[in-house]
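Reviewing the structure listed below.
The values are calculated or read from the model by the stated rules, or taken from the named source; none is laboratory data. The structure displayed is predicted, hence computed values, not measured ones. Every residue, glycine among them, receives a Cβ derived from its backbone with ideal geometry; neighbour counts consider all protein chains shown.
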Amino acid sequence: MQSVEEALAAAQRKAENLFAEVVATGLIQVGLLESELSKKIHQLANRRFGVRRHWHKRVVRCGENTLLTYYDEPPDRRIAADDVVYLDFGPLFEEWEADFGRTFVLGTDPRKHQLVRDIAAAFRKGKELYLAEPDLTAGALYDYVSDLATEAGWKFGNSTAGHLIGRFPHEKNIGPAGAGRFSIRHDNSIILRERDAAGAPRHWILEIHFVDRTRMFGGFFEELLTIGPA
């Protein structure tokens with residue numbers, strides 16, 4: 001029988017494979033509406049991995065919409081030739097949640113490509129901090145990754161930097177303002193390794209969202225914080 005950790009890791013591997021196929025099959029195309037790309041990815045997930053449900057809404061952002069967060073509802077935008085595009089999908093593999101986000105650059109703009117490198121590096125550093133500090137709080141992790149944005153010349157794009165994940169549906173106390181106890185946000189004193197009411201380990205997603213509000217683009221990177229190496 002799979003452990004929780006094995007099941008979550010397996011769900012993430014499938015999500016990663018799904019995103020790899022999105023790239024390999026050339027689904028991210030200039031001229032597509034965000035909604036059209038979302039539909040194409042959903043069809044691919046169903047066809048290749050049997051995904052019928054997502055535990056949260058499917059998010060596709062391009063251009064200036066990449067400044068926005070999960071809770072925003074911008075007008076549907078067409079992908080342009082030099083756009084940044086980010087994807088945030090939460091497919092359910094059997095009853096296990098995955099939450100996976102990546103950013104892609106269609107053009108050759110060096111600053112946009114630097115953004116992709118910087119958000120991946122910030123995720124890695126955040127995970128290294130989690131692994132190194134057993135008593136790390138959600139608030140301290142948020143402040144750390146937010147400071148990484150500033151150090152790299154960006155702004156952190158959201159009031160939260162992650163949340164719980166697990167067997168669907170996981171513990172919930174997460175509102176649009178990110179004020180829930182189970183979100184990674186400033187001043188949240190919950191220790192990330194604190195166990196749940198049944199004594200089981202909690203598992204968290206770390207979300208990195210860096211933005212450039214002058215040039216009007218941003219990037220997003222997320223995956224499991226609590227499972228796997230940095």
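Assess whether residue 83 counts as being crowded, with 20+ Cβ neighbours inside 10 Å and within 19 Å of residue 43 (Cα to Cα).
No, not satisfied.
Please state which of the following conditions residue 134 fails to meet, knowing it meets all the rest: (1) over 17 Å from the mean Cα position of the chain (by Cα); (2) assigned to a helix (DSSP H, G or I); (3) under 23 Å from residue 228 (Cβ atoms).
That leaves (2) as the condition not met.
Checking the conditions here, which among 122, 197 is under 15 Å from the mean Cα position of the chain (by Cα) and either modelled with pLDDT under 95 or assigned to a helix (DSSP H, G or I) (or both)?
122
Okay, residues lined up against (1) at pLDDT 95 or above; (2) among the aliphatic types (A, V, I, L, M); (3) touching a Pro at 6+ places or on another chain (Cβ under 6 Å):
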site: 98; (1), (2), (3): no, yes, yes
site: 110; (1), (2), (3): yes, no, no
site: 113; (1), (2), (3): yes, no, no
site: 134; (1), (2), (3): yes, no, no
site: 148; (1), (2), (3): yes, yes, no
site: 183; (1), (2), (3): no, no, no
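For region 31-47, which residues satisfy the criterion of being touching a Lys or Arg at 6+ places or on another chain (Cβ under 8 Å) and surrounded by fewer than 14 Cβ atoms within 10 Å (Cβ to Cβ)?
31, 46
Would you check if there is a residue in region 94-104 being assigned to a loop (DSSP other than H, G, I, E, B), within 19 Å of residue 221 (Cβ to Cβ) and of a type in the set (Phe, Trp, Tyr)?
Scanning region 94-104 turns up no residue that is assigned to a loop (DSSP other than H, G, I, E, B), within 19 Å of residue 221 (Cβ to Cβ) and of a type in the set (Phe, Trp, Tyr).
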